[in-house]
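This report refers to the structure that appears directly beneath it.
The values are calculated or read from the model by the stated rules, or taken from the named source; none is laboratory data. Predicted model only: the values in this text are computed from it and were never measured. Note that we place each Cβ from the backbone using ideal geometry, even for glycine, and neighbour counts take in every protein chain shown. SASA here: full protein model, heavy atoms, side chains in, ligands and nucleic acids out. Shrake-Rupley method; radii C 1.70, N 1.55, O 1.52, S 1.80 Å.
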Amino acid sequence: MHSAVSKIISTPIGLIILATLLLTLSEVAEAGKVRIKDICSFQNENQEDLIGYGLIIGLDGSGDGSGTQFTTQSLVNMMERLGLTVDQSKVKVKNVAAVMVTAKISSHQAKGTYFDITVSSVGDASSLQGGTLLMTPLSSLDGVQRAIAQGSVSIGGFNVQVDEGNKIVKNYTLVGRVPDGGKIIKPLEAPRDESREIFLSLRDPDFTTAYRIAERINIKYGLLAYPEDAGTVRLVVPDSLSHPNSKIEFVSSVGLLQIVPDNSARVVINEKTGTIVAGEHVTIEPVAIAHGTITVSIQSTPIISQPDAFSQGETIVTQESRINVQDENARVVHLARSVYLSDIANALNKIGATPRDIIAIFQALKQAGALRAELIIL
């Protein structure tokens, strides 16, 4: 057998096949590699959460109601700062929404750096779609103003009110983001550390990944890296690189080294948008799923009552609501132990499960102990 294989390899065609296989294997190995800087952060940086209160304008009647006093008061105060005097009792805020603005910055971001921010409604607005955040100061926990925020809001959905009782909603519309909407005006100071030790902090702690990082660094530079725990790798800077410029060059070169991280099995669910993301290691134990839905349909129809001619009566408009409940028969599917996510998706598609249904099914599978993965709900 071995002699036959040797004869095949010794032929020109055999050598070509062997070279192709080796090239394919090397490409597969390279495809899974990532840079250390992409999965770690150096612990010589500070991070700070920012918060602020602001107003979003330009809403199409989906803003806060007149009963939201802080929105009305904020709008009046802003007008007065701009030199306009208004009567608070006559101010309408249906096109304005009060929001809390949140973000996170680090000491590596210099003055003038732009970053993304998140806006969340605090009043009774029905949607932030199409709105624009007015200039809002953002402060850290110690009360120091670190940044300002302003820009157009993106919510990734819509909320359409047809008439009273009838509306169409897609995704969650009371929380949005402003890409590059924040601007740093007072950056954080980086901690000054004159020691020879640098700590790498894994963004996704894992013992295997920490070991592989230390192993890769030691292969390249000698015994300099030591895994402390699942989330930390201690790196000792050589004496020859103690100069600040040399230290920066060394840290930069370490960040460019590539490894293959080991990821744990996870299923991430965003219930606001109905998005489901599952990793490659997700498996399901043998289980039977019975799934059915109850659909409640409420339709409101306006009924107009016209008075008789010359009766001096008034036209009255009332709403007649019709409620329809449909209880669907449960559909049953049997799942054998599956390693591939495509098998799971195909099985759930056979029973006509929607993304919202799949979210409920994954939650039930986790409770039943059949889902071999960590379930994360955003």
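Anything in the stretch 49-82 that is touching a strand residue (DSSP E or B) at 6+ places or on another chain (Cβ under 9 Å) and over 25 Å from Val144 (Cα atoms)? List them, or say none.
Across the stretch 49-82, the qualifying residues are Ile57, Gly58, Leu59, Gly61, Ser62, Gly63, Asp64, Thr68.
Pull up the stretch 216-246, narrow it to residues that are in a helix (DSSP H, G or I) and in contact (Cβ under 8 Å) with a residue 12 or more places away in the chain, then point me to the one that is surrounded by the most Cβ atoms within 10 Å (Cβ to Cβ).
Ile217
Filter the stretch 256-286 down to the residues that are open to solvent by less than 40 Å² (accessible area, probe 1.4 Å), under 28 Å from Asn218 (Cβ atoms) and assigned to a strand (DSSP E or B) and list them by number.
Within the stretch 256-286, Ile259 is the sole residue that qualifies.
Where in the stretch 144-209 are there strands (runs of 3 or more DSSP E), lying wholly inside it, with at least 1 residues that are modelled with pLDDT of 90 or more?
Filter on the stretch 144-209 gives 145-152, 175-184.
Give, as residue ranges, the helices (runs of 4 or more DSSP H) completely inside the stretch 1-120 that count at least 3 residues that are of a type outside the set (Val, Ile, Thr) and at pLDDT below 90.
2-10, 12-31, 69-81
So how many residues does the stretch 59-72 have that are under 19 Å from Val119 (Cβ atoms) and open to solvent by 60 Å² or more (accessible area, probe 1.4 Å)?
2
Working only within the stretch 75-123, note down all residues that are within 23 Å of Gly61 (Cβ to Cβ), among the hydroxyl-bearing types (Ser, Thr, Tyr) and surrounded by fewer than 16 Cβ atoms within 10 Å (Cβ to Cβ).
Passing the criteria: Ser89, Ser120.
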